[in-house]
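Derivation of every value follows stated rules applied to the coordinates shown; laboratory data play no part. Not measured: the values here are computed from a predicted model. With ideal geometry, Cβ positions are generated from the backbone for all residues, glycine too; neighbour counts draw on all protein chains shown.
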């Protein structure tokens, strides 16, 4: 089949799946219904997407593209914590405006992880790297990324799947502030004076600054070793898993 024909068929299938998903009571569609709506046979769908999980992952990636494009284009402000809070709010807004795409993205039944989920995680990590470099993050960026993403996704899914229990949108803002406040401190504020509390935060800050501006006097091996040492010191402030 010619490339143009494959692309046309792919778009028809994605259009059909997206439309069916928007009207589905649950975040799921059948391949049979998609094929009928798109006017293609099942072999074509499986040739293009591999299986149902591949199709649904492609539908999610397509649905999230506009959201991710806006995050890629966002210009960082001088306040990375404010950027972090705006990112949380935009995440919530997208979830509530596109409930089926969002629930599908984080469905445990979706065995093929959408690329959008990985990119969203990477973009969040980039903001937290900036927080660390600014000296306002109290834990390593990797750990902070996991905490913020889990809380953000958990809040969104709670509001989508249990709206009767979470009728007030202010719940998300309160959780946002609680989570972010637990991970950050005001610029210029002294580190907690508790035993061993200052070293992990300082190590995380220095590691982030060196990643942003690699030291020219160190070889690649030396820089990697320094990052390893700083990572060990930064992780020393984290409770054991």
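Observations on the model:
- Rg over Rh for segment 58-133 works out to 0.99, both radii taken from alpha-carbon positions and Rh defined as the Kirkwood radius.
- Evaluated over segment 2-62, the Cα radius of gyration and Dmax, each in Å: 10.6, 36
- Relative to the longest principal axis of the Cα atoms of the chain, the long axis of helix 3-23 lies at roughly 80 degrees.
- Extension gain for residue 65-residue 181 works out to 38.8 nm (0.36 nm per residue, less the C-alpha to C-alpha distance).
- Nearest-0.05 FRET efficiency for residue 235 and residue 210, computed from C-beta distance (R0 25 Å): 0.95
- Principal-axis tilt of helix 198-212 within the chain, Cα atoms, nearest 10 degrees: 60 degrees
- In this simple spin-label approximation, residue 118 and residue 6 carry label points 7 Å from Cα along the Cα→Cβ vector, and these lie 2.0 nm apart.
- The calculated FRET efficiency for residue 166 paired with residue 42, based on their beta-carbon distance and R0 = 45 Å, is about 0.70.
- Mean Cα-pair separation over length for the chain, i.e. relative contact order, pairs under 8 Å, 6 or more apart, %: 18 percent
- Taking only the alpha carbons of segment 56-190, we obtain Rg and Dmax values of 15.0, 48 Å in that order.
- Gyration tensor (alpha-carbon) shape descriptor, segment 1-119, a/c threshold 1.5: prolate
- With the convex hull drawn around the C-alpha atoms of the chain, the volume per residue stands at 174 Å³.
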